[in-house]
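To start, the structure under review is shown below, and the notes come after it.
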Amino acid sequence: MTFKAGECIFEEGDARSFAYIIEEGEIEIWRETDGNRVVLNVLKSGSMFGELALVDAQPRSASASARTDSILTLVTQEQVNNRIESSDPILRMLLLVVMRYFRAEIDRIRPQNKNSESTLDPKINNNLHLGSHLSPQDLEHRISEAVEMIRMESELQTAIHEGQFRLVYQPIINLETTEIAGFEALIRWQSPSRGFIRPDLFIPLAESTSLIIPIGQWIMRQALDDLKKIQTAGHDNLFMSLNIASRQIEDKNFISDLLQEVDRVGVKPAQVKLEIIERSLFDLNVSLPWVHQCREIGFPIVLDDFGTGYSSLQYLNQYNLDTIKVDRSFVMQMKDSKSSANICRTIVDLSKYLDMTAVAEGIEEKSHVDLLKEMGCGYGQGYYFAKPANIEECLKLF
Ligand code: C2E
Ligand code: CA
Ligand code: CA
């Protein structure tokens, strides 16, 4: 859009429409106070203005006019919304807090509001893209949740240095022979202040920061040391399954770090299985070369939680994967739900046709074992056989 010198772009109180990037010219941001025009800022090419209203959906807090002939690029509501909605939840909440503070300050310094307290109307929050559809109470709750996540993140950092993590292992059983084929390593966090924290609470947080990288390095060291202990106890050909987060797949050093550990402890790459979820395969540019490289070295790839995501056959077609894990939700409902049982059977069949191994998770009863064996499922894992336990207890399982 072009504006002539002196032309108004928007006025204080206008409903939001766009933000602007100045391509050419100068823009004056101003406000009228006691009948006088007070210039707040003069912006030059390359600057952006009007973004505030796009972020929190409030009326314009100041006016903008072209000081010279100007050319502007428009930034639309959708462009901003999409980015906010796909951003990290902690960032979103921080942004929300900052916006509320900023608006309250603007209101406070406005001459007509000199005597009032913060005049931010709580109803206003309902319009925020940052927390749309939330009541003020829910919004407060979300903010304190975000603050809590930040706190937990700092504690995770300490946890790495202070050795608060433990690994437990759950055996994966050959259903035909009932022998232990391998173990899955599962992390535990015993926090001095919070007590025991479930991995599905802190792993996604570690993954949304890059803390999963040092945590993952610790996991691979520890798990391979323990695989070595299992070997030394006379169980040579067992495998260790490691859960690998998307961030680790993106980490350029991951494969070389893992190879180094494999060499250090002296196990075969074929004994170290990497469990990934389907979502980690979305970015083909990253995941295709990663999977190929792993397979070339000999690390088997396991598709975890199969059936819960998109269960796209395209991935099974494009990637050379070793194992499909039937998600525990199907196994656990198998007895009561015919469709769950049929889904199990179909996934097991699919694995056979594709020359892959199937592992059923969440086996809690003998009847699950019987049904899965009848379906031809090769391997299983669950509380019926053993709960995850530390390495000393696992060694006694043999
Ligand atoms: P997952 O990879 O699907 O791990 C299996 C989960 O099922 C484990 O929960 C295990 O304790 C649980 N489980 C095993 N057998 C049974 C059963 O018979 N019944 C029921 N109800 N549950 C069973 P856990 O250890 O709480 O782990 C939860 C999730 O956290 C894991 O799901 C995985 O996504 C993640 N996670 C755990 N450890 C790690 C890790 O070292 N690295 C990464 N990246 N993620 C991990
Ligand atoms: Ca897993
Ligand atoms: Ca799983």
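Here's a check for you: in the range 23-48, which residue that is under 19 Å from Thr2 (Cβ atoms) and in a strand (DSSP E or B) is nearest to the chain's Cα centre (by Cα)? Among them, the one singled out is Met48. Has the range 314-330 got any residue that is in contact with a helix residue (DSSP H, G or I) (Cβ under 6 Å, 6 or more places away or on another chain), free of Cβ contacts under 8 Å to residues at least 60 places away in the same chain, within 28 Å of Lys366 (Cα to Cα) and within 14 Å of ligand 2 (Cβ to nearest atom)? Yes: one or more hits.
Can you tell me which residue within the range 263-273, out of those that are of a type outside the set (Asp, Glu) and without any contact (Cβ under 8 Å) to a residue 40 or more places away in the chain, is surrounded by the fewest Cβ atoms within 10 Å (Cβ to Cβ)?
Gly266
Counting the residues of the range 172-186 that are over 27 Å from the mean Cα position of the chain (by Cα) and assigned to a strand (DSSP E or B) gives 5.
Among residues of the range 230-257 that are more than 16 Å from Arg279 (Cα to Cα) and of a type outside the set (A, V, I, L, M), those with a beta-carbon under 6 Å from a residue that is within 13 Å of ligand 1 (Cβ to nearest atom) and part of a strand (DSSP E or B) at least six positions away or on a different chain give the pairs Phe239/Lys273; Ser241/Glu184; Ser241/Lys273; Ser241/Glu275. Against the conditions (1) at pLDDT below 95; (2) under 30 Å from Asp283 (Cβ atoms), Asp336 satisfies every one except (2). Applying the condition of being hydroxyl-bearing (Ser, Thr, Tyr) and modelled with pLDDT of 90 or more to the range 49-72 and asking which residue is farthest from the chain's Cα centre (by Cα) yields Thr68.
The sole residue among Ile244, Ile230, Ile255 that is at pLDDT 95 or above, surrounded by 14 or more Cβ atoms within 10 Å (Cβ to Cβ), more than 30 Å from Phe398 (Cβ to Cβ) and not basic (Lys, Arg) is Ile255. Of all the residues in the range 311-333, those that are part of a loop (DSSP other than H, G, I, E, B) and at pLDDT 95 or above number 2. Just so you know, in the range 274-300 the residues that are among the polar types (S, T, N, Q) and away from ligand 1 (no atom under 16 Å from the Cβ) include one that is surrounded by the fewest Cβ atoms within 10 Å (Cβ to Cβ), and it is Asn285.
Is it the case that some residue within the range 343-352 is within 13 Å of ligand 1 (Cβ to nearest atom) and assigned by TED's automatic domain parsing to the domain that holds Ile276? No, there is no match, as no residue in the range 343-352 is within 13 Å of ligand 1 (Cβ to nearest atom) and assigned by TED's automatic domain parsing to the domain that holds Ile276.
If only residues of the range 356-398 that are under 20 Å from Leu321 (Cβ atoms) and either of a type in the set (Phe, Trp, Tyr) or in a loop (DSSP other than H, G, I, E, B) (or both) are counted, the one that is farthest from ligand 1 (Cβ to nearest atom) is Gly376.
For the residues Ile160, Ile203, Ile219, Ile215, the requirement of being away from ligand 1 (no atom under 11 Å from the Cβ), hydrophobic (A, V, I, L, M, F, W, C) and outside the structural domain of Leu94 (by TED's automatic domain parsing) singles out Ile160. Restricting attention to the range 176-196, the residues that are more than 8 Å from ligand 1 (Cβ to nearest atom), over 26 Å from Asp263 (Cβ atoms) and in contact with a helix residue (DSSP H, G or I) (Cβ under 8 Å, 6 or more places away or on another chain) total 5. Residues in the range 297-307 that are at pLDDT below 95 and away from ligand 2 (no atom under 12 Å from the Cβ): Gly307 only.
A quick yes/no check of all residues on (1) within 16 Å of the chain's Cα centre (by Cα); (2) under 24 Å from Leu227 (Cα atoms); (3) away from ligand 3 (no atom under 13 Å from the Cβ):
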site	(1), (2), (3)
Ala270	no, yes, yes
Leu281	yes, no, yes
Leu284	no, no, yes
Ser287	no, no, yes
Arg295	no, yes, yes
Phe299	no, yes, yes
Gly309	yes, no, no
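The helices (runs of 4 or more DSSP H) found wholly in the range 202-310 and carrying at least 2 residues that are of a type in the set (D, E, K, R) and touching a helix residue (DSSP H, G or I) at 6+ places or on another chain (Cβ under 7 Å) occupy 212-232, 246-250, 254-265.
For Arg83, the test of being of a type in the set (Lys, Arg) and loosely packed, with under 15 Cβ neighbours inside 10 Å is passed.
The values are calculated or read from the model by the stated rules, or taken from the named source; none is laboratory data. None of these values were measured; they are calculated from a predicted model. Cβ atoms come from the backbone with ideal geometry, glycine included; neighbour counts cover every protein chain shown.
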